[in-house]
Amino acid sequence: MKKTRTVTKGRSGRARAAGKASGPGPGQGEGPGPGKGTGPGVGAKRTAQVSELKAGLSAYLAWVKSGEEVIVTDRGTPVAKLVPIPRTADHEMERLRDMERRGLIKLGTGTIPPGFWDMPMPDDPGDGVLKALLEEREEEW
């Protein structure tokens, strides 16, 4: 991608020069674009100025979802990088959801009810649970 200089007029009416990478922006024809394939390729990088990102956020997010990285610049200086979240991060949760669908487990809410630690412990006459635990540990080790 070739770097060019363009002159634009800001709100004050004064002309200013801005460095901008030439080439199509979101949805302007570089490769298939978002939702139509992978664009320049999985792992490719795009650069977007903050104003471009704000105006075309959906398109940039579509590119990120397809595997590309987007470098966000503010007046030509890189300030952030949008990267796709690896799919492997959700693999464990998907496995747990599958087990819940089959009725093997019940996923918790992630919170402990109020007063949980104040509840009385259940009776275990003869320490049956402790004995079972110790027996299982001896078998496995």
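Every read-out reported here was derived from the displayed coordinates using simple, explicitly stated rules and does not represent laboratory data. From a predicted model like this one, the values you see are computed outputs, not experimental measurements. Cβ placement follows ideal geometry from the backbone for every residue including glycine, while neighbour counts extend to all protein chains displayed.
The trypsin sites (Lys or Arg not before Pro) of the stretch 42-141 that meet both conditions, a loop assignment by DSSP and at most 14 other Cβ atoms within 10 Å of the site Cβ, are 75, 102, 106. Spin-label model, residue 138 to residue 58: label points 7 Å out along the Cα-to-beta-carbon direction sit 6.6 nm apart. The local environment of residue 69, defined by Cβ-Cβ distances under 9 Å, has a net charge of +2 under the rule Lys, Arg +1 and Asp, Glu -1. Note that the stretch 64-76 has calculated 3J(HN,Hα) couplings of 5, 4, 7, x, 8, 9, 10, 8, 9, 10, 10, 6, x Hz, one per residue in order, obtained from phi through the Karplus relation 6.51 cos²θ - 1.76 cosθ + 1.60 (θ = phi - 60°); glycine and proline are x.
For each of 61, 104, count neighbouring Cβ atoms within 10 Å of the residue's Cβ, then give the residues from fewest to most.
104, 61
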